[in-house]
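Colleague: Just passing along the structure, written as structure tokens.
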Amino acid sequence: MKSIAALQAAVTAAAPFDGEPSDAELDEIETESPLILAQVALLDAQIMTIDRTPTELDQQRIRRARRRVLAARRDLANRAATVTVSGGAA
């Protein structure tokens, strides 16, 4: 039977983790933040109507939030495609 200390050395030696995101991860979060915020707004609009019949104003709010999510997804996809095309064309 192996001791835990022998196994711990193999697991912790794989990658040092300081608990903080890297600069690349922070950049990715910043790039995706409009989509994340749009999804949160949509979720908030849906949660408000969860225990009642949605009014016309509620329905408009949900439609508007869905359009924001779709627009944010489109912008993110276009940005990724632009980076891929400009990066691969060189």
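Colleague: Counting only other residues whose beta carbon sits under 13 Å from that of residue 59, what net charge do I get with K and R as +1, D and E as -1?
Modeller: Net charge in that neighbourhood comes out at +4.
Colleague: So, one more: Rounded to whole Hz and in sequence order, give me ³J(HN,Hα) for the stretch 61-67 from the Karplus expression 6.51 cos²θ - 1.76 cosθ + 1.60, θ = phi - 60°, writing x for Gly and Pro.
Modeller: In residue order, the calculated couplings are 4, 5, 4, 4, 5, 5, 5 Hz.
Colleague: Using a 7 Å offset from the Cα along the Cα-to-Cβ direction at both residue 82 and residue 55, what is the distance between the two label points in nm, to one decimal?
Modeller: Between residue 82 and residue 55, the simple spin-label model gives 4.0 nm.
Colleague: Sorting check: for 57-65, 43-51, which peptide has the highest mean count of neighbouring beta carbons within 10 Å, and how do the rest follow?
Modeller: Result, highest mean Cβ count within 10 Å first: 57-65, 43-51.
Colleague: Of the heavy-atom accessible surface of the stretch 20-68 (probe 1.4 angstrom), what whole percent is carbon and sulfur?
Modeller: Carbon with sulfur: 56 percent of the solvent-accessible area.
The values are calculated or read from the model by the stated rules, or taken from the named source; none is laboratory data. Keep in mind that what you see is a predicted model, and the values were worked out from it rather than measured. With ideal geometry, Cβ positions are generated from the backbone for all residues, glycine too; neighbour counts draw on all protein chains shown. What goes into the accessible areas is simple: the full protein's heavy atoms, side chains included, and nothing from ligands, DNA or RNA. Shrake-Rupley method; radii C 1.70, N 1.55, O 1.52, S 1.80 Å.
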